[in-house]
Amino acid sequence: MKNILVLGGAGYVGSTVCEMLVRRGYKLTVPSRRLVNARHLLHLPTVNLVEMDVHDAAALERAVAGHNAVINLIAILHGSPAAFDKVHVELPSKLVKACLAQGVHKLVHISALGVNGANPGSGPSGYLRSKERGEAMLLQAAAGSDLELTILRPSIIFGANDKFLNLFAKLQGVFPVMPLAGASARFQPVWVDDVAIAVVRSLELTVGRSSDGGAVRILEACGPHVFTLKELVQLSAQLSGVNHGHGRPVIALPDWMGRLQARMMELAPGEPLMSRDNLDSMKVDNVATGKVPGLEVLGIRTAALRPIAAQYLRTR
């Protein structure tokens, strides 16, 4: 298996996945709506960049043809119900149909921790509900087919280029206090390299078939430690040396004030730091449930956040 189609390969997680796959001798096709957005992958010798709209079903099927496996890393954190459905439900639906039509037998799909697989569409946020519907559709399509499907459900993904710890560290370098919505929400952050390794090993390890003939593997991708959002914000400032390593005072906002803050952020230009839908997502703890296996199934011992974050936050 050497030819891999990587949707979302130019993104934060996708770039790390592509680098690992290239080092292991794979040939990759990475579609992008605009090639300029993927120019940072040009140094990878076995990556073929293709300008296309992945939401075009016909173009997607043509792109899938000739590949041994497909990886789907495309997701959005903010958007309308229609936007969530387009990315998290309709795109995977088009993709799995293209895989089955073109005889591609391996699909690795990145979902999200907090998804309720037993009751799709029941999540507290538009983001989670769309992720649940996308998973349910993939599972239905894979049942009884010859497709090997791996679904990875990561918590917050941290790493040198993340837009989470780096952003909170930057904000605390500017503002004297940090008013914070959802301060008590719990997360189990996972290192981007561990997620990328999980994707690679998902390609390389066969998925066992169940009694219904389907070959499905669902894994929770979590680090070894649980943090509240407040603890992560404080840690980002401490490790980056804000206020001589003391950070800034973090003020936990009541729910009504947090939602007002999120609404104001939604109205600002660009992608918001926090939306009301994000707050709804945080009503469910973003930690391993234990109901499905973790990355240890793939032989991965996940890395702790503090020593890795200390390296890249200190050099900001």
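The values are calculated or read from the model by the stated rules, or taken from the named source; none is laboratory data. Everything numeric here is computed off the predicted structure, so don't read it as measured data. Because the Cβ atoms are built from the backbone with ideal geometry, glycine has one as well, and the counts that use them run over all protein chains shown.
Hey, could you check the stretch 115-137 for residues that are at pLDDT below 95 and touching a strand residue (DSSP E or B) at 6+ places or on another chain (Cβ under 8 Å) and say which is surrounded by the most Cβ atoms within 10 Å (Cβ to Cβ)?
Val115
Using the structure shown, decide if Lys163 is out of contact with any His (no Cβ under 9 Å at 6 or more places or on another chain), on the phi < 0 side of the Ramachandran plot and among the basic types (Lys, Arg). I'd like the intermediate steps shown before the answer.
Numbers: out of contact with any His (no Cβ under 9 Å at 6 or more places or on another chain): yes; on the phi < 0 side of the Ramachandran plot: yes; among the basic types (Lys, Arg): yes.
Yes: the conditions hold for Lys163.
Conditions tested, residue by residue: (1) at positive phi; (2) free of Cβ contacts under 8 Å to residues at least 24 places away in the same chain.
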residue	(1), (2)
His55	no, no
Ala59	no, yes
Gly66	yes, no
Ala82	no, yes
Asp85	no, no
His88	no, no
Ala98	no, no
Gly103	yes, yes
Leu107	no, no
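For residues that are under 23 Å from Val115 (Cα atoms) and in contact with a Leu (Cβ under 7 Å, 6 or more places away or on another chain), tally how many sit in the stretch 285-310.
8
Please enumerate the residues belonging to the stretch 215-265 that are farther than 30 Å from Pro293 by Cα and either among the polar types (S, T, N, Q) or outside the structural domain of Asp277 (by TED's automatic domain parsing) (or both). Break it down stepwise before answering.
Applying the first criterion (farther than 30 Å from Pro293 by Cα) to the stretch 215-265 yields 234, 237-265.
Across the stretch 215-265, the qualifying residues are Gln234, Gln238, Ser240, Asn243, Gln261.
How many residues does the stretch 207-247 contain that are touching a residue at least 60 places away in the same chain (Cβ under 8 Å), surrounded by 19 or more Cβ atoms within 10 Å (Cβ to Cβ) and not aliphatic (A, V, I, L, M)?
The qualifying residues number 9.
Among what's in the stretch 100-142 and is under 14 Å from the mean Cα position of the chain (by Cα) and aliphatic (A, V, I, L, M), pick the residue that is nearest to Arg217 (Cα to Cα).
Once the filter is applied, the top-ranked residue is Val108.
Pull out all pairs, ordered by first then second residue, where Cβ-Cβ is under 8 Å, the residues are six or more apart or on different chains, the first lies in the stretch 265-284 and is polar (S, T, N, Q), and the second is buried (at least 20 other Cβ atoms within 10 Å of the Cβ) and in a helix (DSSP H, G or I).
The qualifying pairs are Ser275/Ala262; Asn278/Tyr127; Asn278/Ala262; Ser281/Tyr127; Ser281/Leu128.
Of everything in the stretch 274-300, what is within 20 Å of Pro179 (Cβ to Cβ) and surrounded by fewer than 17 Cβ atoms within 10 Å (Cβ to Cβ)? Give them in sequence order.
Residues of the stretch 274-300 within 20 Å of Pro179 (Cβ to Cβ): 274-283.
Passing the criteria: only Lys283.
Of all residues being touching a helix residue (DSSP H, G or I) at 6+ places or on another chain (Cβ under 7 Å) and hydrophobic (A, V, I, L, M, F, W, C) in the stretch 254-283, which is farthest from Val192 (Cα to Cα)? Just the residue, please.
Once the filter is applied, the top-ranked residue is Ala262.
Here is a list of conditions, (1) assigned to a loop (DSSP other than H, G, I, E, B); (2) touching a Gly at 6+ places or on another chain (Cβ under 9 Å), and Leu139 meets all of them except one; can you say which number that is?
All conditions are met except number (1).
Do we have Lys170 as closer than 20 Å to Ala262 by Cβ, assigned to a helix (DSSP H, G or I) and in contact with a strand residue (DSSP E or B) (Cβ under 8 Å, 6 or more places away or on another chain) here? I'd like the intermediate steps shown before the answer.
Working: closer than 20 Å to Ala262 by Cβ: yes; assigned to a helix (DSSP H, G or I): yes; in contact with a strand residue (DSSP E or B) (Cβ under 8 Å, 6 or more places away or on another chain): no.
Here the answer is no, as Lys170 does not meet what is asked.
Could you check, for the stretch 51-70, whether at least one of its residues is at pLDDT 95 or above, within 26 Å of Ala160 (Cβ to Cβ) and surrounded by 15 or more Cβ atoms within 10 Å (Cβ to Cβ)?
no
Does Ala75 satisfy being more than 16 Å from the chain's Cα centre (by Cα) and either of a type outside the set (S, T, N, Q) or buried (at least 18 other Cβ atoms within 10 Å of the Cβ) (or both)?
Working: more than 16 Å from the chain's Cα centre (by Cα): no; either of a type outside the set (S, T, N, Q) or buried (at least 18 other Cβ atoms within 10 Å of the Cβ) (or both): yes.
Spelling it out, it is not the case that Ala75 is more than 16 Å from the chain's Cα centre (by Cα) and either of a type outside the set (S, T, N, Q) or buried (at least 18 other Cβ atoms within 10 Å of the Cβ) (or both).
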